[in-house]
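Only one structure is covered here, and it is reproduced in the block below.
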Amino acid sequence: MKPFYVKSEQPIEIESEDDGIIIKGIIDTLVLKYQLWVMVIESKKAAYSVEVGLAQILVYMLENPHQNKPSYGLITSGGEFTFIKLVKAENPMYGISNLFATRNPGDLYRVM
């Protein structure tokens with residue numbers, strides 16, 4: 001995938017503490033261009049809603065070492081997917097795309 005480099009199930013350990021709760025995890029897929037995190041991908045089993053992965057992917061995106069650039073993410077269950085954009089600031093903000101499904105042929109056109 002030149003010029004991008006894809007790392008899958010890499011031991012990039014993310015540890016974040018929130019109100020005394022420590023969240024640990026391994027990023028499912030990380031897309032890099034040079035040292036820039038282009039996209040973080042979190043995948044869940046088809047039986048789960050993509051909403052299950054939202055908190056987890058936001059933690060990963062908040063740990064992006066390039067804090068001055070937006071982070072982009074994708075959560076997928078294989079059949080459904082949604083995109084996330086996170087902007088770091090004094091108060092980080094994120095937005096979520098519509099939920100897209102592979103069984104809805106018209107959805108692909110809206111993504112592209």
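The values are calculated or read from the model by the stated rules, or taken from the named source; none is laboratory data. Predicted model, so just to flag it, every value in this text is computed and none were measured. All Cβ positions, glycine included, derive from the backbone under ideal geometry; neighbour counts span all protein chains shown.
Computed quantities for the displayed model
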read-out	value
Region 85-97: number of residues that are surrounded by 10 or more Cβ atoms within 10 Å (Cβ to Cβ), in a loop (DSSP other than H, G, I, E, B) and free of Cβ contacts under 8 Å to residues at least 24 places away in the same chain	1
Close pairs (9 angstrom Cβ cut-off, 6 or more residues apart or separate chains): farther than 17 Å from Ser71 by Cα in region 38-59, at pLDDT 75 or above and among the charged types (D, E, K, R) anywhere	Ala46/Glu80; Ser49/Glu80; Val50/Glu80
